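Throughout, read-outs are computed from the coordinates displayed, never taken from laboratory work. This one's a predicted model, so the numbers in the text were calculated from it and none came from an experiment. Ideal geometry is used to build each Cβ from the backbone, glycine not excepted, and the neighbour counts take in all protein chains shown.
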């Protein structure tokens, strides 16, 4: 697991982190402007829990106390899209530019993976080119789904082609599925158990479409220790031959896909031991 973390950091930057310090690839930059957009749309609790306040200096103090040398900043859930593509793109551009400024202001302590204004694929491509080029983002953060548009959807292929050309690191983050069983999920936040299921859903969709084989320069980070993939993949492997044989699915290149996945340890601190 240490090899995975060190290798991921090398892919994203030449930053040298002290050998005894951890690299946190799962840190959210939460801006007041982003929260205000959510409030305007009544979406403060869209992910079933409130977003905290965040400041870089306070987070660095936390990092120092926790032995974290470098943190990778990403925009949290939810995706700030409520029918107005211009509003969404402007919000995400602001988040990305502030993340770039934060990285520059605190060299060696922060990297960032840029957000994209999906489900508008054309706008997402423009933002990816700007973020990876002009802002020198260290990668891209993609939601498991953007208003129901899941990773692996053929509509996202033009975006994946652009990211593949740029050898992008992609950090996946779970977002609320659309729809989800509100009559069941009432007293527990989505992050408690639905997020691992949602992540698994998105990655399985990518695997079933051989996304990582078709775009082999991508390096995809799966959150929360791989979520439920360790359980799902053996089952998929055992069932797939019959499903393929009956014409329901195409064959899956397991080695080609899985060799391009990386895993963070968020929510599983015991794995650091």
(message) For the pair residue 94/residue 193, report the inter-label distance in nm, with labels modelled 7 Å from Cα in the Cβ direction.
(response) 3.7
(message) From zero outward in steps of 10 Å, how is the percent of C-alpha pairs of the range 17-265 spread across the bins?
(response) 7, 30, 37, 21, 5, 0
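How much length, in nm to one decimal, is gained on full extension between residue 147 and residue 86, taken as 0.36 nm per residue of separation minus their Cα-Cα distance?
Full-extension gain reported as 20.4 nm.
Under 4 °C and 1.567 mPa s, how fast does the range 119-191 diffuse according to Stokes-Einstein, given a Kirkwood radius computed over C-alpha pairs? Answer in µm²/s, whole number. Walk me through the numbers on the way to the answer.
Details: Rh = 13.7 Å.
D, rounded to a whole number, is 95 µm²/s.
Could you calculate, for the range 28-94, the ratio of the Cα radius of gyration to the Kirkwood radius, expressed as Rg to Rh? Show your work: numbers first, answer last.
Numbers: Rg = 13.6 Å, Rh = 13.2 Å.
Radius of gyration over Kirkwood radius for the range 28-94 works out to 1.03.
So for the chain: antiparallel DSSP bridges make up what percent, rounded to the nearest 5? Spell out each step's value before the answer.
Details: 2 of 22 bridges.
Approximately 10 percent, going by the DSSP bridge assignments.
Using a 10 Å cut-off on Cβ atoms, rank the peptides 135-148, 94-107, 115-128, 38-51 from the highest mean neighbour count down. Before the final figure, lay out the partial values.
Details: 135-148: 22.7, 94-107: 17.5, 115-128: 21.2, 38-51: 14.5.
Highest to lowest by the protection proxy: 135-148, 115-128, 94-107, 38-51.
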